[in-house]
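Working notes, beginning with the structure itself.
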Amino acid sequence: MNMTTTPVPSRFLPSNNDLGVVAVAFSGGQGKAGVDAGPDALIKAGLLLQLQDDLSYKIHHDGQIHNYRDLMPETDPTVDNMKRPRGCSAVNQRLHEQTYEHAKDGKLVLTLGGDHSIAIGSISGVARAVRERLDKPLAVIWVDAHADINTYETSGSGNVHGMPVAFLTGLCKHEIFSWLKDEHQIPLTKLVYIGLRDVDSGEKKILRENKIKAFSMHDIDRHGIGKVIDMALEYIGDDIPIHLSFDVDALDPVHAPSTGTPVRGGLTLREGDFICESLHETGRLVGMDLVEVNPMILAKEGGADTWQVTETVRAGCSLVRCALGESLL
Ligand SMILES: [Mn+2]
């Protein structure tokens with residue numbers, strides 16, 4: 001299959017085809033086993049080869065799927081309601097350096113998770129490089145069923161994968177995450193959610209009080225995904241680089257069932273791909289996360305090859321290809 005595409009020139013990156021990839025086998029931001037196998041499943045399905053062969057990217061990848069075992073503390077008891085906080089912080093600090101190293105050279109950065117807690121490191125690393133290189137803030141489009149903006153005080157579960165946006169925007173700070181500096185932050189005015197449908201009451205309060213821009217599934221039903229993207233981009237403003245953080249659970253569980261916290265009533269495959277295609281078309285994408293693919297959830301005993309896993313991995317690969325320039329015609 002040879003996709004003939006016309007990639008849109010990047011407005012903020014010196015090259016259109018240098019792609020830094022970090023594969024993050026981390027599951028400590030939540031309690032279910034298996035999400036650490038996400039990057040391996042995506043790469044085994046051929047994602048990086050597709051990007052290289054069909055979309056002409058020069059892939060900069062160390063060939064590793066990082067499990068960061070050397071960073072894991074012997075014991076990691078709960079602190080201030082945060083589960084496994086030292087491991088989460090240490091992995092994200094290392095990942096921050098990894099995405100920063102790619103982004104400071106002007107590469108597009110793709111981070112494959114892993115649970116969504118890894119966005120703390122991936123996005124802060126890109127944001128730091130964007131500030132240094134372009135003297136601009138980084139905008140984030142967070143596509144997710146959940147807002148992931150709990151603080152350790154509002155979180156019911158204590159899982160850090162429900163807190164990354166709070167850490168990234170400075171709404172939540174903690175000494176365990178003291179490496180995360182103010183200059184790595186995302187301004188609340190440059191954050192946009194798409195696809196929300198399962199938001200905790202404490203999070204709703206945070207969204208309201210901080211006037212955070214959020215397009216729920218209700219807004220997508222009302223306006224259609226095309227109008228929602230237009231409004232999201234208009235809100236961010238024209239001259240700002242964008243990071244896309246895509247949680248596969250934004251898709252409806254019919255299309256992406258193999259994920260830790262599925263919620264019915266989600267995006268169709270086409271709506272998901274459309275978001276990614278539209279962001280590519282802006283020429284402003286500088287980073288992307290694809291997270292929460294869990295090949296072990298719903299897997300049969302002894303093997304991960306169920307239709308649910310195959311569909312979820314295929315959907316994930318498609319989202320990344322669309323964000324990186326694959327088009328239908
Ligand atoms: Mn998420």
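Every number in this text was worked out from the coordinates using simple rules, so none of it is lab data. Worth saying up front: this structure is predicted, and the values here are computed from it rather than measured. Please note: Cβ atoms are built from the backbone with ideal geometry, for glycine as well, and neighbour counts cover all protein chains shown.
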* To do: Kindly provide log₁₀ I(q)/I(0) values, in the same order as q = 0.14, 0.15 Å⁻¹, from the Debye equation applied to equal alpha-carbon scatterers of region 34-154.
  => -0.73, -0.83
* Asked: Which of the lysines could a cross-linker span from residue 181 if the Cα-Cα distance has to be under 26 Å and same-chain partners fewer than 8 positions apart are dropped?
  -> 83, 104, 107, 136, 173, 190, 204, 205, 211, 213
* Structure fact -> Other residues with Cβ under 14 Å from the Cβ of residue 71 give, with Lys and Arg +1 and Asp and Glu -1, a net charge of -1
* Indicate, rounded to the nearest 5 percent, the antiparallel portion of the DSSP beta bridges found entirely in region 18-323. => 5 percent
* Structure fact -> Given unit charges at Cβ for Lys, Arg (+) and Asp, Glu (-), the dipole magnitude of region 18-323 about its Cα centre in debye, nearest 20, is 320 debye
* 222 nm mean residue ellipticity, helices alone, for the chain (DSSP H n ≥ 4; -39,500 (n - 2.57); rounded to 500) -> -10500 deg cm²/dmol
* **Square roots of five times the Cα gyration tensor eigenvalues for the chain, Å** => 25, 23, 21
* To do: Return the single residue from 52, 30, 98 with maximal mean-square fluctuation; model: Gaussian network over the chain, springs between Cα atoms under 10 Å.
  => 52
* Listed residue (280, 210, 65) projecting farthest to the positive dipole end of the chain, Cβ model -> 210
* Using Cα pairs closer than 8 Å and at least 6 residues apart in sequence, work out the relative contact order for region 18-323, in percent. => 21 percent
* Asked: Taking Cα pairs under 8 Å and at least six residues apart, what relative contact order does region 5-80 come out at, in percent?
  -> 38 percent
* Computed over the Cα atoms of region 146-244, what is the convex hull's projected area averaged over all directions, in nm²? -> 6.8 nm²
* Structure fact -> Placing +1 on each Lys and Arg Cβ and -1 on each Asp and Glu Cβ in region 18-323, then taking the dipole about the Cα centre, the residue among 256, 125, 20 whose Cα reaches farthest towards the positive end is 125
* Asked: For region 204-319, what is the per residue volume of the convex hull drawn over the alpha-carbon atoms, in cubic angstrom?
  -> 114 Å³
* Just add up the charged neighbours of residue 56: K/R +1, D/E -1, any other residue whose Cβ is under 13 Å from the Cβ of residue 56. => -2
* Most fluctuating residue of 116, 223, 96 in a GNM of the chain with Cα springs under 10 Å: which is it? -> 223
* Asked: Hey, in the GNM for the chain with a 10 angstrom Cα cutoff, which one of 295, 257, 73 fluctuates hardest?
  -> 73
